[in-house]
Amino acid sequence: MNQNEILAECNKIFIDQLDNPSIVLKRETTAADIDEWDSLNHIQIIVAIEKRFKIRFTSSEIQNFKSVGDMCDAIAKKVTA
Amino acid sequence: MEFKDIKANLKKDFTGFKKVKVALLADSSTQYLAQAIRGMGYEKKLDIEVWEADYDSIDLTISDAASELYSFKPDFTFVFLSSHKLKKKFYKSGSNPHFADDTLAYLKNVTATVSSHIKTNFLVFNFPDALDPVFGHYSGKVTASFNYQVKKLNLELMHWAQNEASVSLIDLCGLQAMYGSANSIDSRMYLGSDSIFSLDFTIVVATNCVQVIEAFTGFSKKCLILDLDNTLWGGIIGDDGLENIQIGDLGIGKAFTEIQLWAKALKERGIILAVCSKNDEANAKEPFEKHPDMVLRPDDIAVFVANWSNKHDNIKYIQSVLNIGFDSMVFLDDNAFERNMVRTYLPEVTVPELPDDPADYVANLNSLNLFETNAYTEEDKERTQLYKAEALRNTASLTYTSEADFLKSLDMVSEVKEFDAFTIPRVSQLTQRSNQFNLRTKRYTEQDIKHMAEDHKKHHTFSFTLSDKYGAHGLIGVIILEKKDAHTLFIDTWIMSCRVLKRGMEQFMLNEITQYAKKHKFEKLTGEYLETKKNGMVKDHYKNMGFTEKGEQWQLDVTAYKPAACFIKNSNTHE
């Protein structure tokens with residue numbers, strides 16, 4: 001799975017979890033860019049991503065995600081590993 | 001359900017749902033739990049408003065008389081101390097061997113403080129079990145081990161709840177055992193946001209909390225209807241014969257024995273058992289009468305229906321005999337077609353999916369927690385007998401030409417008294433569960449009932465039993481009078497069990513309360529009818545009883561009242 005595919009999957013998950021079909025993710029997107037993406041919903045998104053890719057983030061990864069790109073990189077590392 | 005479904009529920013329309021106020025007092029973050037409780041409430045048609053104390057501020061919240069908690073006036077107050085914090089406190093205390101006692105004392109202090117400001121039902125979370133992190137198995141021999149203290153605390157919590165009507169427990173320990181601690185705790189969430197539970201487990205906990213609230217608000221299942229072939233035993237009695245059905249201590253038979261033991265234990269708790277099977281009646285009854293390994297016997301089944309009609313028609317028949325709501329019935333059948341037929345025709349009946357493999361039946365049913373309750377009384381144990389006696393009465397009534405002759409022949413006696421320690425649980429239960437013959441449908445906890453029973457200045461209470469030559473009905477009537485002023489008694493509550501309809505019990509009850517009113521120089525009895533979806537049968541109750549309409553209320557002139565004719569004797573009146 002390449003970076004673009006991972007980004008596309010994440011986009012689907014964001015739309016599904018935040019119930020907002022107009023979300024378009026880019027690597028640079030941060031929580032500040034999306035209204036519904038608050039700390040509460042963050043956990044929900046993380047859990048959904050973990051289930052979709054059958055991976056598990058570490059707590060420091062979760063705390064250090066600054067952007068969608070960080071997330072995708074962490075996913076890519078775990079999926080290919 | 002997933003968490004996003006919970007969130008979707010939050011945006012839906014709660015109009016017309018029953019309103020319930022819930023407060024969360026916790027020492028960890030409860031935002032997810034709060035959302036999940038409200039979201040799950042939607043599934044049960046409950047409009048649950050959740051108030052959360054500020055993060056980890058139980059002591060501050062309850063000691064402040066001006067706290068929002070006290071102006072919010074929650075119906076239910078959850079008290080949730082996390083096991084993470086508990087463990088930390090334990091080790092910080094230097095493995096205090098009195099830790100359980102101290103924690104219990106703390107919890108008692110919390111509920112006592114809150115109770116000094118408001119009246120609320122406490123739902124206290126117990127504590128998950130785990131292997132002892134320090135002593136391992138040896139913790140069983142060491143009182144200063146965390147494992148020992150947690151298990152002791154859980155037991156002490158039960159003792160507390162058994163003696164304190166306002167305190168009930170949420171069995172977090174049981175939930176976590178069922179779900180597995182690896183699935184229920186997400187340490188990363190704890191580190192990141194100080195929430196304890198994984199999102200999935202949050203939903204499990206919230207579901208349980210809502211089921212408990214539901215039981216408190218007057219909703220509970222009363223009847224379990226059982227299919228027979230491949231539900232209560234393996235095989236088909238009509239084809240395989242008595243010797244070849246699977247039940248007992250061998251192989252697959254064990255699974256069916258388990259399900260029968262479960263049904264029997266429910267029956268002992270007061271759930272009515274009925275059978276609904278497509279079979280010849282003689283074939284269907286044979287195992288109950290003759291098979292040595294059957295747990296359930298003919299006496300355990302209140303209504304036995306075996307024929308070739310549609311199951312939904314048979315369930316309608318069972319409903320008419322028992323006179324309880326469809327929404328209080330659970331139907332168990334291994335056959336998906338039958339389940340779907342019943343779901344289609346009787347959507348109010350709960351029809352759980354059964355797994356394909358009978359080995360999984362009981363575990364699956366346990367996880368659904370179908371028969372949640374908030375009361376258990378002596379009478380519950382006898383319920384099946386009560387309904388069987390009723391069937392006898394119905395048969396006898398056909399042999400009399402006039403209703404009066406029949407009623408006379410019953411030799412009915414009623415014991416009338418004020419609520420006391422023995423009757424309070426049952427009285428509370430009647431206020432919680434009676435839907436039909438219930439004039440104002442005021443739901444009262446045992447605590448509420450106790451207050452009114454003791455408050456003689458403001459209230460006078462009556463409980464009524466009824467027995468006849470066929471057996472005892474138990475406590476079947478409740479009246480609570482409120483002393484409005486020196487002249488007026490207001491009927492706050494008038495409830496009668498539907499199983500004593502058409503016996504003249506209403507007239508008897510009115511005779512008793514007017515007698516009390518006269519004796520204490522009251523002149524007027526007032527009452528009102530508050531309509532619900534289910535109490536249509538008493539719409540004209542006060543009119544029928546000779547009251548006159550005064551605006552929204554009904555009034556009876558006590559001084560002019562002449563006792564109505566009835567065939568029930570007061571057990572205190574010796575003639």
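The figures follow:
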| item | result |
| --- | --- |
| Hull-based mean projected area of the protein assembly as shown, where the convex hull spans the alpha carbons, in square nanometres | 37.0 |
| R0 of 56 Å, Cβ-Cβ distance B:K264-B:T559: FRET efficiency to nearest 0.05 | 0.55 |
| Centroid-to-centroid separation of segment B:500-575 and segment B:161-208 [C-alpha atoms, Å] | 48 |
| Eligible lysines near B:K457 by straight Cα distance, threshold 28 Å, same-chain separation 8 or greater | B:K73, B:K119, B:K417, B:K442, B:K483, B:K484, B:K518, B:K519, B:K521, B:K524, B:K550, B:K562 |
| Amide hydrogen neighbours beyond the local backbone of B:T493, cut-off 5 Å, H modeled | B:I480 |
| Table column - 3J(HN,Hα) (Hz), segment B:534-547, Karplus curve with 6.51, -1.76, 1.60, x for Gly and Pro | 10, 9, x, 5, 10, 3, 9, 3, 5, 4, 4, 8, x, 7 |
| Using a Förster distance of 60 Å, the FRET efficiency for B:N244-B:D56 (Cβ separation, nearest 0.05) | 0.45 |
| Reachable lysines from B:K85, criterion Cα separation under 22 angstrom, eight or more residues apart if same chain | B:K108, B:K151, B:K152 |
| Mean-position separation - Cα centroids, segment B:465-485 and segment A:32-81, in angstrom | 62 |
| Selection from B:P97, B:V114, B:Y138 lying farthest towards where the dipole of segment B:3-216 points positive, charges on Cβ | B:Y138 |
| Rg to Rh quotient for chain B, alpha carbon positions, Kirkwood Rh | 0.99 |
| B:T77, B:T532, B:T111 arranged by Cβ crowding within 10 Å, fewest neighbours leading | B:T532, B:T111, B:T77 |
| For segment A:68-79, 3J(HN,Hα) per residue [Karplus equation, 6.51 cos²θ - 1.76 cosθ + 1.60, θ = phi - 60°, Hz, x = Gly/Pro] | 4, x, 4, 4, 4, 4, 5, 5, 4, 4, 7, 5 |
| Nitroxide proxy distance, nm - points 7 Å out along Cα→Cβ at B:K519 and B:Q385 | 3.1 |
| Hits among lysines - C-alpha to C-alpha of A:K54 under 21 Å, sequence gap 8 or more where chains match | A:K12, A:K77, A:K78, B:K4 |
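Values in this text are rule-based calculations from the coordinates and carry no lab data. Model, not experiment: these values are computed from the prediction. Cβ coordinates were reconstructed from backbone atoms using ideal geometry, including for glycine residues, and neighbour counts include every protein chain displayed.
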